[in-house]
1. Show the residue pairs that are 6+ apart or on different chains and have beta-carbon atoms under 8 Å apart, the first residue being within region 382-393 and polar (S, T, N, Q), the second being modelled with pLDDT of 95 or more.
2. Condition check: assigned to a loop (DSSP other than H, G, I, E, B) and more than 7 Å from the ligand (Cβ to nearest atom). Does G73 satisfy that?
3. Residues D118, D142, D152, D102: which one is in contact with a Pro (Cβ under 6 Å, 6 or more places away or on another chain) and either more than 16 Å from the ligand (Cβ to nearest atom) or farther than 22 Å from Y293 by Cβ (or both)?
4. In region 394-421, what count of residues is obtained for those that are in contact (Cβ under 8 Å) with a residue 24 or more places away in the chain and either part of a loop (DSSP other than H, G, I, E, B) or under 22 Å from E151 (Cβ atoms) (or both)?
5. Consider region 386-401. How many of its residues are surrounded by 16 or more Cβ atoms within 10 Å (Cβ to Cβ) and not aliphatic (A, V, I, L, M)?
6. Which is within 13 Å of the ligand (Cβ to nearest atom) and open to solvent by 10 Å² or more (accessible area, probe 1.4 Å), of A190, A181, A166, A215?
7. How many residues does region 416-437 hold that are away from the ligand (no atom under 14 Å from the Cβ) and either open to solvent by 10 Å² or more (accessible area, probe 1.4 Å) or among the hydroxyl-bearing types (S, T, Y) (or both)?
8. Within region 441-448, is even one residue within 16 Å of the ligand (Cβ to nearest atom), assigned by TED's automatic domain parsing to the domain that holds D268 and surrounded by fewer than 24 Cβ atoms within 10 Å (Cβ to Cβ)?
Amino acid sequence: MTEPQFDVTPARARDITSYDIESDVVVVGGGCAGVSAAIGAGAAGADVVLLERTGGLGGASAMSGGLIYLGGGTALQRACGIEDTSEEMHKFLMAATGPGPDEAKITAYCEGSVAHYDWLVECGIPFKASIYGGTFPEPETDDGLMYSGGEDTYPWYEIATPAPRAHIPQMQDKKPGERSAGWMLMHHLAETAERHGVRNEFNTTVERLVVDDGAVVGLVARRFGDSVTIRARRGVVLAAGGFVYNDSMLAHHAPMLLGLNKLGTDADDGRAILMAQAIGAAVKHMDASECAYAGTTGLIAPSIVVNAHGQRFINEDTYFGRVGQAVLFRQDARSVVVLDEETWEKVPPYERMLQPTSVCATLAELESEMGFPAGSLEQTVTTYNEHAAEGKDPIFGKQQHWLKPLRSPFAAIDLRSKMFLTVFTLGGLDTTVDGEVRNVSGETIPGLFAAGRTTSGIPAAGYLSGSSLGDGTFFGRRAGRAAVAD
Ligand SMILES: Cc1cc2nc3c(=O)[nH]c(=O)nc-3n(C[C@H](O)[C@H](O)[C@H](O)COP(=O)(O)OP(=O)(O)OC[C@H]3O[C@@H](n4cnc5c(N)ncnc54)[C@H](O)[C@@H]3O)c2cc1C
């Protein structure tokens, strides 16, 4: 590690003479995964305490766009006239979340998706039976269903029958990043947890596990400078988010993410992962990351995106997070959007957050202004235009309705900087479908469970909008239930 880390040395149960707090199940973290775990445990009859380091529930989940990836024929999909099956969803997730998709989790998730949607509705979360037809990643409307993973773009439509699967809690007057549909999700999950008698302990930062003969039996936390001991009679569920705010962990596991914009809260410090690693827990996909690209679909799909050599590298109409991952991991975080005036005029106003950085009459001028190798951009655009005029993109498979030859005047939006990519980590603890944490030998650690971005889950490497809240709520709830049974 590049700088001193937290002290995560486990405490020994025999050294603790009394506990300040005691309950059957203790959940760490009040985001979507933790609150779902608390509900799961509470609904199974357990006495549950939730420890949260801030002054309230929510975490990154409450700041989020609220997209929840579900399918297989949910009631909302059916009400919107969408046909979907868990088999098609399974095929898509196996292909799109790799490399290294977690098949056991994907199978459980697809099979349980319809019932999970019903459960969210039972929790009081409203969904409007309408499909969002726009291109912005987080709909400004209160529509309930949208495509969020490029399912209807190449190559995915050849692999699985496409269906919109992002389920979005209904909410008006959204303020993205502050109070959006994720707030609505958390509002109702918090109320449901309260109904199940979950006790929240705020301003309580968990620092270490308490271990007895290899089993996790509690936690040591800090509250306003004082040490607090907590006993878990049945199990501990770690749901404390990811580690994008821990530069030392990034340097160790995912150096490509250093210097990029971070999506989450500063509580995403990876401490819960380190606490579990300190007793032998295994981790997975620690270099994986969601990567939101500054150019959203309404801007880039009718344009072309080129690398530092003036060459295309992806179908621009696919999920913008997939474009972001391609830019980060395959193009060293450097890309340029090239378009023409006519295209720019048609970009929806709310997708014009980026402005052209160069405007030129000829491609030769633009190429020279951007410092591309001579002839590279001209060659790229000439080939693209020839195919676009015939309604084809044989190289990358962009769909016909986005194809139009680019004509003078041309413009470029220079995105050759890390500041145009925004990331959160996807790697974390290696868990079973019931949230049991595995150790480095592949055995489960008695008493220890985890969920959400503290774990590696559905988005193993490839990401789809909605897969984080989806897997956090789904596997969180399962982890809570399993902790009761432990
Ligand atoms: C602006 C924005 C938009 C997004 N949009 C979407 C979207 O539409 N769909 C989607 O799927 N994902 C989206 N995401 C990502 C998603 O919100 C997160 O990945 C997800 O909420 C993680 O859930 P979690 O429960 O694992 O963590 P969190 O929701 O972050 O909850 C973790 C909680 O643990 C607490 N905590 C941390 N450490 C400790 C500790 N040591 N002791 C006690 N408590 C601790 C934190 O304070 C926090 O409350 C978005 C994220 C952002 C920021």
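The values are calculated or read from the model by the stated rules, or taken from the named source; none is laboratory data. Everything quoted here is computed from the prediction, not taken from an experiment. Cβ atoms come from the backbone with ideal geometry, glycine included; neighbour counts cover every protein chain shown. Protein only, heavy atoms only, side chains kept; ligands, DNA and RNA dropped before computing areas. Shrake-Rupley method; radii C 1.70, N 1.55, O 1.52, S 1.80 Å.
1. Matching pairs, first to second residue: T383/I395; N385/P405; N385/L406.
2. yes
3. D152
4. Selection size over region 394-421: 14.
5. Total meeting the criteria: 6.
6. A190
7. Count: 10.
8. Among the residues of region 441-448, not one is within 16 Å of the ligand (Cβ to nearest atom), assigned by TED's automatic domain parsing to the domain that holds D268 and surrounded by fewer than 24 Cβ atoms within 10 Å (Cβ to Cβ), which makes the answer no.
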